[in-house]
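A.B. asks: Below are the structure tokens for one structure; questions will follow.
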Amino acid sequence: MADPALHTTFGGIAVRNLYKIFGPNAAAHVDAVRNGMTKTELNAVHGHVLGLRDINIEIASGSIQVIMGLSGSGKSTLIRHINRLIDPTAGEVLVDGVDVVKMGAAELRSFRRHQTAMVFQKFALLPHRSVLDNTMFGLEIQGIERARSRDIAMRWLERVGLKGFESKYPNQLSGGMQQRVGLARALSNDAPVLLMDEAYSALDPLIRMDMQSVLLDIQAEIRKTIVFITHDLDEALRLGDQIAILRDGEVIQQGTSQDIVLRPADDYVASFVREVNRGRVVHVEAVMTPLRTPSQGHAPARTIASDVTIEEALRILVATPEDDATVVDAAGKPVGTVSFRQLAGAMVNAHEIGGQQTANRANVA
């Protein structure tokens, strides 16, 4: 469906030293914020609101970058800088090496039409247009002739599970189905960057999980560069190749799901991850006992890949008579052993995971 060359040459996104201050004289207060003025002080003294402070994020091409935080943390403000729906007060937003901040009106318009697509929380479907016509809308804006637009839109509607609904109207669809239309519309544009602002937060939990699965399945095929905004940690951990957690317009922590869960940067992040099911996030390599030498005694016959989750590894062991297994890397080389007891203990003891992971790194080094 997508042009593979487009995604192999796309260079990703870099947000550098980004500041956003809301108010009539925003630029005059950037230095004060750089020098440590807080959000509360800026509002109390100058009547301006700090939206973002010194944001620096590198987003690899073809990855899912999740931005999460509570209401008012600045996450939606940040995503709207990528397609410049909001102008920054200072800083750079480089998309495929080009600074969006410096684009003129015509260049920005072309960039929005061809380089980015957006999926909104409120679906943003046009009520007077059918499902098919909503899906074709972006293609029409690009000037693509109708027959070709229809073929592209129909392929994506089928891919998101809406074949047979193309003649329906938004008010005839459930919320989950409407969001599928929004996703199909965004994907039809074949833009390398997909921006998703709280796209699933209005959906019921089961429908939300289903939409997450749809996105992950499609992403495995087309490898878009996706920026996904959410306030839900479970969603962030499931979707994100990388996660950035915001508070009061600042990035508090960046890293993989395992980084966030095993090594929270402060009490704020720790409060987010306290109730997380670590078994669905942490990989076996974080809790295994590494092989010190290739000839370390008798290795268990059962093998488990190092990158499977603890929960999946437990399922594997439960289904066999063995109580332990050899852990192998992507090439099938033995790298450690893990027992049922280790896996079960790691499910309930975060300190045990962190301590074992530190030991594993020391042994590898």
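A.B. asks: From 215, 206, grab the single residue that is in a helix (DSSP H, G or I) and closer than 26 Å to residue 59 by Cα.
C.D. replies: Answer to the selection: 215.
A.B. asks: I need a count of the residues in region 125-141 that are touching a residue at least 12 places away in the same chain (Cβ under 8 Å) and surrounded by 14 or more Cβ atoms within 10 Å (Cβ to Cβ).
C.D. replies: Within region 125-141, residues that are touching a residue at least 12 places away in the same chain (Cβ under 8 Å) and surrounded by 14 or more Cβ atoms within 10 Å (Cβ to Cβ) number 11.
A.B. asks: In region 135-159, how many residues are modelled with pLDDT of 95 or more, of a type outside the set (D, E, K, R) and within 25 Å of the chain's Cα centre (by Cα)?
C.D. replies: Residues in region 135-159 being modelled with pLDDT of 95 or more, of a type outside the set (D, E, K, R) and within 25 Å of the chain's Cα centre (by Cα): 4 in total.
A.B. asks: Shifting gears a bit: Scan region 40-86 for residues that are of a type in the set (D, E, K, R), at positive phi and surrounded by fewer than 17 Cβ atoms within 10 Å (Cβ to Cβ) and jot them down.
C.D. replies: Hit for region 40-86 is 54, nothing else.
A.B. asks: If you don't mind, another one. Looking at region 236-307, what strands (runs of 3 or more DSSP E) fall wholly within it and have at least 3 residues that are assigned by TED's automatic domain parsing to the domain that holds residue 72?
C.D. replies: Hits in region 236-307: 242-247, 250-255.
A.B. asks: Can you tell me which residue is nearest to residue 94 (Cα to Cα) among those in region 33-58 that are of a type in the set (S, T, N, Q) and outside any strand (DSSP E or B)?
C.D. replies: Top of the filtered list is 35.
A.B. asks: Residues of region 160-175 being hydrophobic (A, V, I, L, M, F, W, C) and within 27 Å of the chain's Cα centre (by Cα), which ones?
C.D. replies: 160, 162, 173
The values are calculated or read from the model by the stated rules, or taken from the named source; none is laboratory data. Treat the numbers as computed from the prediction; the structure is a model and nothing was measured. Methodologically, a virtual Cβ is constructed for each residue, glycine included, from the backbone with ideal geometry; neighbour enumeration extends over all protein chains shown.
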